[in-house]
Amino acid sequence: MDELDVASLRTRREGINRGRWWGERGVPASLPPRRFHLIAVGLPKTGTTSLASLFQPFRWGDEFLFPESVERLIAWRAGGLDRDGLRRWLALRAEAGMLELDSSSFNHYFLEILVELHPAARFVYTPRDAVSWADSFLNMVLRHSTYLRGHPWPEWQLALGRLMAPSFDLAQFASPAHLALSLRPLAEELLGYYARETARIEAALPPERSLVIPTEDLSTSLDTLAEFAGVPRSALNAAGSHENRGQGKIPLVAALPDLPDLLEQNGLGEAPD
């Protein structure tokens, strides 16, 4: 992978889904130390955007350096980047952002490295039940269909989708009717991914440095979050507690007739009522 420096990573980045952060309008020549360091490690569609919004009065990041990080994730998974190279990237990214709240849907892939790399950091994990999570992901892609905000989906983001569901293909999302044809295998892959990743996250979280808040409890847990970060509750942007909530979701995985079997197959318990 190409070598980048901190200054180049702090420059404004153009394109689709580049991520957002506190320094988009410029970064001071010198920065004070972090007042706290929280790293969100939930799966996509579990409240990572809401967490970033809550902490916008501080040095926050929402998918900071998204494509650059995913490209290295894909290279690591494919054997084109070793663990040391990935660790160097994560250290460079941390120095570039100087984030006090790093909320990214890809952080969970790097959790074991982040725990080592940042011994003073604390981790926020936002679990969500498997069925509503899978439906939220599928509905998100269906809303955008084969184009993302009027542009072709970037290849790095399609590769990220295939990490979650190997059969993922944008043609499946041309319409609800198209999605219905491939829903069953997609659901099976997504639920398997959910089971594996949540088990890995829960095993890797350092208990003494971690806070677990279910996604649906974010808006009622501001006192807990503020105390964990060591900031006044009044400093949080309470209006952002459900910043990215989906609208008009269609029951997809939830409507599968063999859902109980799929959940049992992945050790996920019974289907929700």
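The values are calculated or read from the model by the stated rules, or taken from the named source; none is laboratory data. Quantities reported herein were computed from a predicted structural model and do not represent experimental measurements. Note that we place each Cβ from the backbone using ideal geometry, even for glycine, and neighbour counts take in every protein chain shown. To get the accessible areas, we keep the full protein, side chains included, count just its heavy atoms, and leave off ligands, DNA and RNA. Shrake-Rupley method; radii C 1.70, N 1.55, O 1.52, S 1.80 Å.
Taking each residue of the stretch 61-84 that is under 20 Å from residue 48 (Cβ atoms) and among the small types (Gly, Ala, Ser) and looking for partners that are open to solvent by less than 70 Å² (accessible area, probe 1.4 Å) and in a helix (DSSP H, G or I) with beta-carbon atoms closer than 8 Å, six or more apart or interchain, yields 61/52; 61/97; 69/89; 69/93.
Taken over the stretch 117-163, the criterion of being among the aliphatic types (A, V, I, L, M) and closer than 19 Å to residue 174 by Cβ is satisfied by 138, 140, 141, 142, 148, 158. Among residues of the stretch 170-193 that are within 21 Å of residue 148 (Cβ to Cβ), those with a Cβ under 6 angstrom from a residue that is open to solvent by 10 Å² or more (accessible area, probe 1.4 Å) and β-branched (Val, Ile, Thr), sequence gap 6+ or separate chain, pair up as 170/146; 174/146. When residues in the stretch 164-185 are screened for being in a helix (DSSP H, G or I), open to solvent by less than 40 Å² (accessible area, probe 1.4 Å) and out of contact with any Phe, Trp or Tyr (no Cβ under 7 Å at 6 or more places or on another chain), 4 of them pass.
Those helices (runs of 4 or more DSSP H) of the stretch 1-82 in which 1 or more residues are open to solvent by 20 Å² or more (accessible area, probe 1.4 Å) and under 30 Å from residue 224 (Cα atoms) occupy 48-54.
If you go through the stretch 146-157 one residue at a time, do you hit one that is over 20 Å from residue 106 (Cα atoms), assigned to a loop (DSSP other than H, G, I, E, B), touching a helix residue (DSSP H, G or I) at 6+ places or on another chain (Cβ under 6 Å) and open to solvent by 30 Å² or more (accessible area, probe 1.4 Å)? The answer is yes; a qualifying residue exists.
Answer yes or no as to whether residue 272 is more than 19 Å from residue 48 (Cα to Cα), out of contact with any Pro (no Cβ under 8 Å at 6 or more places or on another chain), at pLDDT below 95 and not in a helix (DSSP H, G or I). When the stated conditions are applied, residue 272 passes them.
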